[in-house]
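Notes follow the structure.
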Amino acid sequence: MMYYFDHCASTPPHEEVIRTMAEVMAKHYANPSSLHRSGQEARNLLERARAAVAALFPGTEAKEWIFTSGGTEGNNIAIAGAARQNRKRGNHLITSEVEHPSVYDTFKALEREGFRVTYVPVDSRGVVSAADVEAALTDETILVSIMHVNNEVGAIQPIADIGRLLKQRRGILFHVDGVQSVGKLPVDPAGWNVDLFTASAHKVKGPRGVGLLYVRQGTAIAPLVVGGSQERELRPGTENVPAIVASAKAFRMAMESQPERAERMQRLRERLLGSIEAIPELVLNGGTEPASAAPHVVNFSYPGMKPEVIVHMLEKHRILASTKSACSSKSEEPSRVLMAMHGSHERAASGIRLSFGDEHGEADLEWLCSMLRKVVEKLKPLERKG
Amino acid sequence: MSMNPDMILIRFGEFTMKGKNRGKFDKRLEQQVRKAIRAYENAEIKSTYGRMYITLNGEPYEEIAAKLKDVFGIVSFSPIRQVASELETIRGAALEVMQSLPERPSTFKVSARRVDKKYPHDSQEMNHLVGGYVLREMLGLQVDVRKPQVELRVEIQPEGTYVYSSVVPAAGGYPYGTNGKAMLLLSGGIDSPVAGYLGMRQGLEIEAVHFHSYPYTSDKAKEKVIDLVRRLSRFSGAPIKLHLVSFTDIQTALAQAGQDSLIITLMRRSMLRIAERLAETSGALGLVSGDSLGQVASQTLGSMNVIGRAAELPLLRPLITMDKNEIIRIAREIGTYETSILPYEDCCTLFVPKSPSTNPNLTIVQKTEQRIEGLDAMIEEAVAGTELMIISPEIRNVVETAGEDSWF
């Protein structure tokens with residue numbers, strides 16, 4: 001048996017999700033755009049899935065949700081689409097230094113198109129300050145994009161506060177990347193005055209290849225891909241009906257059980273934080289308070305130790321962990337997120353991420369904590385003192 | 001600041017003038033209110049002459065208010081604080097009511113009414129005692145006895161004192177079904193659902209008839225009409241019957257009659273005949289249509305004359321002089337607009353000639369009908385083959401029932 005502590009990267013799909021996907025796939029293969037009855041049945045399924053998703057987010061309507069291929073695509077469509085559509089109204093965009101690459105790199109690309117971008121900093125917990133966002137606003141600002149929960153350290157951003165201050169300054173679009181928070185924390189895009197909100201199914205025990213993008217009614221964004229009228233022309237292409245239906249189910253299950261999950265994971269997190277604190281070689285990255293740190297992520301550094309070594313050592317003990325985020329873990333660079341938090345190259349280059357899932361209990365944590373101690377003991381003589 | 005009402009005072013409509021029928025209307029309205037709020041078990045309804053009170057007993061005011069707004073026959077209602085008949089308590093409640101108004105008024109007056117003569121201060125004194133207190137507490141507020149922005153009412157009853165001010169307008173009209181039954185011609189466009197709503201608001205019980213021309217029209221057009229009736233059934237407080245008539249054969253025959261410019265006139269006449277037959281079977285004494293004068297070729301006065309002669313039952317046209325924007329505003333308000341603008345064609349938008357007649361000749365129309373072989377039989381057949389659906393707010397549509405429930 002493996003101890004899979006990499007749920008921020010992806011999650012094992014729920015059995016019910018797999019069954020649903022297989023059944024829909026076998027039965028409803030027709031194209032939802034076809035006029036015949038089989039096509040219309042597929043269309044109806046798609047719309048039922050959309051209504052089911054909307055019902056999970058209070059104050060939102062089915063027509064405000066589009067299905068994408070995942071978080072990365074959703075973030076791209078939302079950010080590049082909103083920026084390009086509203087270029088005439090202003091040239092200034094705001095995001096943070098700790099966004100996921102699918103957001104951060106989109107802003108970098110927009111800079112090359114001539115947009116001016118402000119990257120607001122974070123504190124040592126990885127948290128953005130709403131006051132910094134407010135201070136960065138100009139008459140030219142057309143879009144603010146801040147993630148809800150950071151994917152490397154789990155920092156929770158003050159989305160409600162930022163939404164409130166943007167509401168007073170009309171006309172600035174607000175995008176929130178909610179990929180890491182849906183199912184783990186309460187989310188309320190409509191209540192937070194969010195115009196664009198992204199989620200991803202495979203982070204909540206759903207299938208790969210399906211994401212959600214909330215586009216609040218009246219929010220105009222330019223499509224990135226053309227060639228069809230599907231998904232309000234924002235995401236053309238034949239819809240992946242079986243994966244979408246299965247995703248709607250995964251989101252429902254994840255969000256309905258969110259409060260219990262958060263409580264259970266918070267206990268696991270506190271347990272792990274205690275263990276890390278007891279190992280002097282390790283240093284915790286991110287906050288300790290539930291208000292600023294999501295319950296399912298723990299990030300720590302072993303300064304002076306290559307994180308790959310720790311990941312491989314843990315794997316010998318059947319524990320699967322991550323360095324940085326899975327999307328950027330192949331590069332040799334130190335973590336941009338940890339750099340923004342601490343400014344220390346050594347610490348930023350040695351971060352390890354552990355993230356919990358529903359299958360984890362006290363016994364799994366027991367194993368993880370004792371193996372962590374063992375691995376550090378073993379590696380200690382190999383530390384590079386710089 | 002929001003106030004927490006204890007009761008709701010409901011005011012009735014014009015039917016209070018109707019002498020002998022009065023009792024029937026009152027009773028019907030009470031039934032409708034009861035139905036509308038039946039999910040709120042603790043709420044109690046009490047009727048007195050010309051008024052109705054709901055005691056909330058902790059049930060949510062906002063949700064109940066939203067339901068009451070759609071009950072036909074209610075002209076307006078007011079959230080009420082019920083307090084003990086003691087001056088300080090009444091003053092406190094009065095201030096609370098004033099401060100909870102959605103917009104802070106600049107002028108007001110107090111209208112106190114002492115019904116319970118055991119209470120020491122009379123109505124005049126209470127006006128001053130309560131008004132003076134509110135004035136002291138709300139700086140900038142002034143009294144205007146002739147044209148106040150807000151009238152703060154204080155009713156001292158034996159069981160306690162009612163304090164209220166805001167008057168929330170409701171749908172008005174007559175309780176559903178108190179003015180007879182009619183058959184609504186429902187196309188799926190913007191107008192006919194609004195006509196149905198206005199007919200219902202005037203106390204008509206409605207059954208709907210829809211003409212489809214499969215395969216010239218799609219199933220989606222039918223689903224759209226089902227959704228519209230479902231929406232309307234939220235106002236009726238009772239299920240609505242929907243008659244689905246296959247019009248394909250008649251339409252095909254009319255299209256081949258060689259009178260292209262008259263085809264719409266001919267179709268509408270046949271529809272009226274079928275609707276009238278269905279109305280007679282259902283005991284409906286009128287037809288309701290969404291005609292609006294001059295809007296399209298079939299709704300000119302000339303067309304309406306020739307078309308209307310096909311039926312003997314009164315043809316009610318609630319939208320006849322209404323501006324299109326006004327119709328759209330109501331459609332949005334009652335929640336039919338979004339469905340109505342879905343792009344699925346109904347059978348009237350097919351075979352539309354390049355230049356439909358705006359002034360058809362009745363003699364030519366009648367002669368053309370006589371020449372069409374078996375038209376009467378086709379009408380009989382259409383009536384006999386009518387599919388009946390009973391639609392209530394609870395029924396689930398094709399999207400809501402798509403696939404298997406276990407997939408969701």
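Here are some notes:
- Kirkwood hydrodynamic radius of the range A:208-252, from inverse mean 1/r over distinct Cα pairs, in Å: 11.8
- Separation of the A:Arg170 and A:Ala26 label points, Cα + 7 Å toward Cβ, nm: 5.5
- The mean sequence separation of alpha-carbon pairs under 8 Å and at least six residues apart, normalised by the residue count of chain A, gives a relative contact order of 22 percent.
- GNM flexibility winner over chain A from A:Gly114, A:Gly154, A:Gly211 (Cα, springs under 10 Å): A:Gly114
- Straight Cα distances below 14 angstrom link A:Lys27 to the aspartates and glutamates A:Glu41, B:Glu404, with same-chain residues fewer than 8 positions distant left out.
- Average partner coverage of A:47-56, which counts Cβ from other chains inside 10 Å: 3
- Each Cα pair under 8 Å and six or more residues apart adds its sequence gap; the mean of these over the residue count of the range B:99-241 is a relative contact order of 19 percent.
- Listed residues B:Tyr162, B:Val83, B:Gly180: farthest to the positive end of the dipole of the range B:34-192 (Cβ charges): B:Gly180
- Helix A:101-112 and the long axis of chain A differ in direction by around 70°, with both axes built from C-alpha atoms.
- A straight Cα-to-Cα reach below 16 Å connects B:Lys117 with the aspartates and glutamates B:Glu86, B:Glu125, B:Glu155, B:Glu159, residues fewer than 8 places away in its own chain not being considered.
- Nearest-ten-degree value, helix B:87-99 long axis tilted from longest Cα axis of chain B: 40
- Top of A:Val337, A:Val225, A:Val283 by mean-square fluctuation, Gaussian network on chain A, Cα under 10 Å: A:Val225
- Expressed as a whole percent, the proportion of Cα-Cα pairs in the range A:238-374 lying more than 17 Å apart is 64%.
- For the residues of A:35-44, the average number of beta carbons from a partner chain within 10 Å of their own beta carbon is 3.
- The packing ranking of peptides A:340-350, B:384-394, highest mean first, is A:340-350, B:384-394, where packing means the average number of other beta carbon atoms within 10 angstrom of each residue.
- Rounded to the nearest 10 degrees, the inclination of helix B:375-384 to the longest alpha-carbon principal axis of chain B is 40 degrees.
- Taking every DSSP bridge with both residues inside the protein assembly as shown, close to 55 percent are antiparallel.
- Set A:Lys184/A:Lys374; B:Lys46/B:Lys241; B:Lys35/B:Lys181; B:Lys69/B:Lys220; B:Lys67/B:Lys109 screened for pairs whose C-alpha atoms are more than 22 Å apart: A:Lys184/A:Lys374; B:Lys46/B:Lys241; B:Lys69/B:Lys220; B:Lys67/B:Lys109
- Hydrodynamic radius by Kirkwood, which averages 1/r over all alpha carbon pairs of chain B, in angstrom: 24.2
- Part-to-part distance (alpha-carbon centres) for the range A:80-144 and the range A:244-316, which is given in Å: 27
- Estimated [θ] at 222 nm from DSSP helical runs (n ≥ 4, -39500 (n - 2.57)) normalised by residues in the protein assembly as shown, nearest 500: -12000 deg cm²/dmol
- Computed lengthening from B:Ser106 to B:Thr363, 0.36 nm per intervening residue step minus Cα-Cα distance: 85.9 nm
- For chain B: relative contact order, % (alpha-carbon pairs under 8 angstrom, 6 or more apart): 16
Bear in mind that the values in this text are calculations on the coordinates, not laboratory data. This is a predicted model, so every value here is computed, not measured. Quick reminder, even Gly has a Cβ in these numbers, built from the backbone with ideal geometry, and neighbours come from all protein chains shown.
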